[in-house]
Amino acid sequence: MAGHDDPQHIEIAAGDQAVVAAEVAPEPGGTARALLHGTPGHTAPGSRAELVDAVMDLPGVQSSTHLEATLPLGDSESLQRLQQRTENLTARAAGSTALVDADIPPPGDGG
């Protein structure tokens, strides 16, 4: 991620161990880029949706108009939450990942 700001790192933990994490970087031109990933093994239900909410609530993402995200292929929980929080979402497989493009609704738009 080669944005003008250093990427932000977010983790959602179970106990003292991070189970899902993201690196997020707002880019010039109104696009935010996010890389979502998890640790191998079981992830508690809701952890991935909580991570998406944390990403979408970042000020740099809220001030962007577009999101480009990469997440593990088959991560239906994150994809479903991204559909709820964005507009005009498209996703496509790329190897073992899914590439997501979506519009970010303005704050307070009910997204």
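Every read-out reported here was derived from the displayed coordinates using simple, explicitly stated rules and does not represent laboratory data. This structure is a prediction, so every number in the text was calculated from the model and none was measured. Neighbour counts are summed over all protein chains in view; Cβ atoms, including those assigned to glycine, are modelled from backbone coordinates with ideal geometry.
Short-range pairs are left out: with C-alpha atoms under 8 Å and at least six residues apart, the relative contact order of the chain is 21 percent.
Taking 90, 31, 70 as the candidate residues, the one with maximal mean-square fluctuation in a Gaussian network model of the chain, Cα springs under 10 Å, is 90. With contributions of -39500 (n - 2.57) from each DSSP H run of at least four residues, the per-residue ellipticity at 222 nm computed over the chain stands at -6000 deg cm²/dmol.
Each peptide in 78-85, 36-43 gets a packing score, the mean of other Cβ atoms within 10 Å over its residues, and the list from highest to lowest is 78-85, 36-43. Rounded to the nearest 20 debye, the dipole size of the range 8-103 about its Cα centre is 180 debye, using +1 on the Cβ of Lys and Arg and -1 on the Cβ of Asp and Glu.
For residue 89, the residues whose modelled amide H falls within less than 5 Å of its own, excluding neighbours fewer than 5 places apart on the same chain, are 103. Here, P(r) means the percent of Cα pairs in each 5 Å bin from 0 to the largest distance; for the chain it is 2, 13, 25, 25, 20, 10, 4, 0.
Remark: the range 84-101, residue by residue, has Karplus-estimated 3J(HN,Hα) of 6, 9, 10, 10, 6, 6, 10, 9, 9, 7, 9, x, 8, 10, 10, 9, 10, 10 Hz, where x stands for each Gly or Pro and the curve is 6.51 cos²θ - 1.76 cosθ + 1.60 at θ = phi - 60°. If you wrap the tightest convex hull around every Cα atom of the range 28-93 and split its volume per residue, you get 91 Å³.
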